[in-house]
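Worksheet: one structure, shown below.
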Amino acid sequence: MELEAFVAVAEELHFGRAAARLHRGQPTVSEAVRRLENTLGGRLFHRTSRRVSLTGLGEALLPDARAALAQLRRFRQRGRALAAGDRAGCALVVGHAEYTGHRLLLRCLPQLRERFPEVTIVPEAMPTTAQFTALRAETIGLGIGWATGGVSGVCARVLSTERFVALVPAAHPLAGHTELSAAELSATGLLTWPHQINSGLCDRLLSAFRIGGADLRIIRTADSVQAIAAHVAAGTGIGIAVESALDHQPSGLRVIPLTGPSTTADQVVLTAADPPAPARALRDLLLHASATARWETPRAKTPCTPG
């Protein structure tokens, strides 16, 4: 409990939030930190009525505490598997947010199965914010979602930077544009994703409209880009999605990139600070596949020179 309390307070820099994260009372967490400080013979935190910060001792010991907790988690996981009679296998749950591109994941999973044939891989649709909680609770081993700020205890690596796009009926007055700014969509009825599914994407889109001095008017939300496209085709409004979520050109619609500040969003791969080997391998496969895709795309567009 002492190490868990230390790491939680160090990552939250707040005893109340750390207690809520650990599902313990705040006095219990405070006492656990005091016991650890007494054992070590030094203070881990500077505490005032307004803020909590790490001391030099706390900063130096935090990586060791995280590593020790990760080793303890692996010990418990292996112990439970052995006690259940499973001497080799385990499961890797992979959370993936709606609107993320699934092509990279589909490309990498067969390679992961070859490396870890004993591991059961379980893809699970999950909002980005839920992935943060699940990673801390170790109910998933890896997540694919959208970058957002103010997250602690989770490592995020950028897979790709995706552009926002507008889905416009072919007969709409804006359909002839090659790009659209937030100002050109100001006060237009828009269809996009619910905030609870991807709060980071919503905040990024709102920022684009604020910077552009435009009015963001969302009249309907939908859980999938296919549902958005259907509403657009029915004449409800103009859809907003991210480029990677579109596997094909929707029939009867134009896909027009948005231009201007904050009109891109980072797709990220999420892991714990010290992920288990299968999660670490999948993360590296995804990053390699993403880098390869970025390198190959411009080459595919380069015209051949007659020789």
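The values are calculated or read from the model by the stated rules, or taken from the named source; none is laboratory data. Please read these numbers as outputs of a predicted model, since none were measured by experiment. For neighbour counting, all protein chains shown are included, and Cβ atoms are generated from backbone atoms with ideal geometry for every residue, glycine included.
Worth a mention:
- Only one entry in Val151, Val119 is at pLDDT below 90, touching a Cys at 6+ places or on another chain (Cβ under 8 Å) and closer than 26 Å to Ala291 by Cβ, namely Val119.
- Residues of the range 131-155 satisfying the condition of being in a loop (DSSP other than H, G, I, E, B) and out of contact with any strand residue (DSSP E or B) (no Cβ under 6 Å at 6 or more places or on another chain): Glu138, Thr139, Thr148, Gly149, Gly150, Val151, Ser152, Gly153
- Condition met for Arg34 (at pLDDT below 90 and either under 17 Å from Ala279 (Cβ atoms) or surrounded by 12 or more Cβ atoms within 10 Å (Cβ to Cβ) (or both)): no
- Yes/no for Val52 being under 13 Å from Leu3 (Cα atoms) and either crowded, with 17+ Cβ neighbours inside 10 Å or not assigned by TED's automatic domain parsing to the domain that holds Thr139 (or both): no
- The number of residues in the range 265-274 that are buried (at least 18 other Cβ atoms within 10 Å of the Cβ) and assigned to a strand (DSSP E or B) comes to 6.
- Filter result (under 22 Å from Cys202 (Cα atoms) and either surrounded by 19 or more Cβ atoms within 10 Å (Cβ to Cβ) or of a type in the set (A, V, I, L, M, F, W, C) (or both)) within the range 232-253: Val232, Gly237, Ile238, Gly239, Ile240, Ala241, Val242, Ser244, Ala245, Leu246
- Selection count, the range 179-204, where residues are modelled with pLDDT of 90 or more, part of a helix (DSSP H, G or I) and crowded, with 22+ Cβ neighbours inside 10 Å: 1
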